[in-house]
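Data block below; observations after.
The values are calculated or read from the model by the stated rules, or taken from the named source; none is laboratory data. Nothing here was measured: the structure is a model prediction, and the numbers come from that model. Heads up, the Cβs are rebuilt from the backbone with ideal geometry, glycines too, and the neighbour counts pull from every protein chain shown. Side chains are part of the model used for accessible areas, which takes the heavy atoms of the whole protein and leaves out ligands, DNA and RNA. Shrake-Rupley method; radii C 1.70, N 1.55, O 1.52, S 1.80 Å.
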Amino acid sequence: MVFTFILAISSFAMVSGTPGSLRGWVSNFTLQAPWLGGLNGTPRPRDFWNMSDDLLTISWASTDRCSSDSLPQDSKCSGCPPMKDGKLCASTTFYTDTTKGACGCGESEHVDDDYWTLTEYTAAMNCVSLDPDDPLAGWCPLNCEDCFELCSTGGITQGTPTTAGTCRVFKVTNRCGDGYDTNHPNWCSQQMSYEHCASNPSQCRQMGNTNHFGYPAHFDLQDFHRQITDGLGWDNVEVTFEKVS
């Protein structure tokens, strides 16, 4: 295994008015935090981390993992695509968004604070897995409202360690295009769907076909009521995932 370390140091925070992915019509300003900030600090709207800032970037060559720009802080999954206990693995982040999202779940552009998309377990999914035929679709992508069981592996991409074996079912209500829309390695920049990766591991292994941490799928978890960070104690955890409906 060959490791190349590049330390990129920049300012610790910056304010941006441009969201990093499509979440319906999102217009809030976003505070970018240091790369390990989050769970016990100021609540953040979502992880719009710029991977060139405040980050130890790692490039490596390995026959065991999919090629990617960075290495998870602590992964419990192996292979390409990465798997654990016979299930595919994915990365997660968390965000808050009161719009009805790309799947149109709601009767108005912004839903009430007690609407089910904000109180239940919901997520935005990486766009090429959400709609393999039209990843750029920003409205009603093909696989809206699919449900996936996510289970913590005990690993993390970057953030606060967590325990393994916590499982919840999440309904997909939104689209994540982080990196895909700008053709830059990021959480949702995968060029292959997770299903395509599973059926074609050799192609999945190529740089860019998984996200910047080498995962074939990514779930951005709705945390409006702190159900993820406080309720589950999840801070960018690694999960296994399985479609359940």
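Test SER67 against the stated conditions and say whether it is in contact (Cβ under 8 Å) with a residue 60 or more places away in the chain, assigned to a loop (DSSP other than H, G, I, E, B) and either farther than 17 Å from ASP220 by Cβ or of a type outside the set (S, T, N, Q) (or both).
yes
Within region 150-185, the residues that satisfy the criterion of being in a strand (DSSP E or B), without any contact (Cβ under 8 Å) to a residue 60 or more places away in the chain and within 16 Å of the chain's Cα centre (by Cα) are PHE170, LYS171. Only one entry in GLY231, GLY208, GLY214 is surrounded by fewer than 24 Cβ atoms within 10 Å (Cβ to Cβ), among the small types (Gly, Ala, Ser) and farther than 30 Å from GLU107 by Cβ, namely GLY208. For region 210-245, enumerate the residues that are over 15 Å from CYS89 (Cβ atoms) and polar (S, T, N, Q). Within region 210-245, GLN222, GLN227, THR229, SER245 qualify. Residues of region 198-218 that are of a type in the set (Gly, Ala, Ser) and assigned to a loop (DSSP other than H, G, I, E, B): GLY208, GLY214, ALA217.
State whether one or more residues within region 113-121 are at pLDDT 95 or above, more than 13 Å from THR173 (Cα to Cα) and either under 16 Å from the mean Cα position of the chain (by Cα) or open to solvent by 10 Å² or more (accessible area, probe 1.4 Å) (or both).
The answer is yes, given that some residue of region 113-121 is at pLDDT 95 or above, more than 13 Å from THR173 (Cα to Cα) and either under 16 Å from the mean Cα position of the chain (by Cα) or open to solvent by 10 Å² or more (accessible area, probe 1.4 Å) (or both).
Return yes or no: is PHE224 out of contact with any Gly (no Cβ under 7 Å at 6 or more places or on another chain) and open to solvent by less than 50 Å² (accessible area, probe 1.4 Å)? Here the answer is no, as PHE224 does not meet what is asked. One residue alone among GLU242, GLU145, GLU195 is in a strand (DSSP E or B) and open to solvent by 20 Å² or more (accessible area, probe 1.4 Å), and that residue is GLU242. From the list GLY179, GLY159, the one residue that fits, being closer than 18 Å to CYS66 by Cβ and buried (at least 20 other Cβ atoms within 10 Å of the Cβ), is GLY179. On inspection, PRO135 does not qualify as in contact (Cβ under 8 Å) with a residue 12 or more places away in the chain, in contact with a strand residue (DSSP E or B) (Cβ under 8 Å, 6 or more places away or on another chain), closer than 28 Å to GLN203 by Cβ and open to solvent by less than 40 Å² (accessible area, probe 1.4 Å).
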